[in-house]
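Take a look at the structure set out below.
None of the figures in this text is laboratory data; all of them are computed from the coordinates on show. Since we're looking at a predicted model, the values are computed, not measured. Cβ coordinates were reconstructed from backbone atoms using ideal geometry, including for glycine residues, and neighbour counts include every protein chain displayed.
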């Protein structure tokens, strides 16, 4: 449903707020690009490369990590369906809360399991070196995300010229609930838990293992007596360029595919994932990718919240804001909610009917 004149009746104060936010984002993008150009012009690497030892886990542990993540997601989806009943409509707030809990479980359980299974340490995730290094990585991640915004959003807007966008479930929840607590839940889930859990899985665990397997950039630190170079299992006979590209593209492609329910979002998210992978490769830490991912999600979430506040009558499909990079739980199959919704009753608006139809989307809760 396109925006109409009533939807665009924005108070002057809100209009100035939007212009101010847009101006700040453009200023930040300009500063990030100027910094990158200045470093490249001076012959310095845009992102300095750090040494690091190969991660201790292997393929079975990578498979087990992703299996546990998906198993927890399926269990949560089954519990939500059982609680709703066969004819109930999806509850987006419940799904968002479940996704947040799953991501929190991932952050707690997987490092612990890898520590027990492979004696993984904080340094294997780049979480060592003191607060100074972590602070620098956070700043690097924020600047990198701002630098990539024009690239990611350009792909997003070119994609929606070809395919009609699917409203992001987080966006739908914000437009439907319009509660301060729902806004807090959306921010915590999309900006804190989701980036940390996904970067742990896709960059730290998966890409870290692929880089070890293909011998890309992770070399053992000489003074680390616990690392035996001869025991590192590298893929023989693979061209270094192919190995480097494979270790970068495979996690990015899988990351994009798990967001397939919000098509065409996987296209810009693939670009974002490549940038996150490069950050991880250069820093040997998940801190910078988490910060970059959180910055991207944060800007998207704040943009959605602002639009909810100033466009109270708009439908989420009419507002082409790129959604956060956050997959999650699937709703009932297509048509379930539509079969039970029926025509709008007396006193109900067309917006209610649109929400019922929109909720029938099979991925409406993929947050």
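The table for this structure:
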item	result
Contour excess over end-to-end distance, with Cα ends at residue 113 and residue 309 and 0.36 nm allotted per residue	66.3 nm
Distance in nm between pseudo-label sites at residue 154 and residue 105 (7 Å out along the Cβ direction from Cα)	4.1
Separation of the residue 162 and residue 79 label points, Cα + 7 Å toward Cβ, nm	4.0
Pairwise label distance in nanometres, residue 68 with residue 127, each label 7 Å out on the Cα-Cβ vector	1.3
Protection proxy ranking of 34-40, 169-175, 276-282 - average other beta-carbon atoms within 10 Å, highest first	169-175, 276-282, 34-40
Residue-span extension gain [residue 178 to residue 22] - 0.36 nm each, minus C-alpha spacing	53.9 nm
Protection-proxy order for peptides 63-70, 177-184, 102-109, 201-208, each taking the mean of Cβ atoms within 10 Å per residue, highest first	201-208, 102-109, 63-70, 177-184
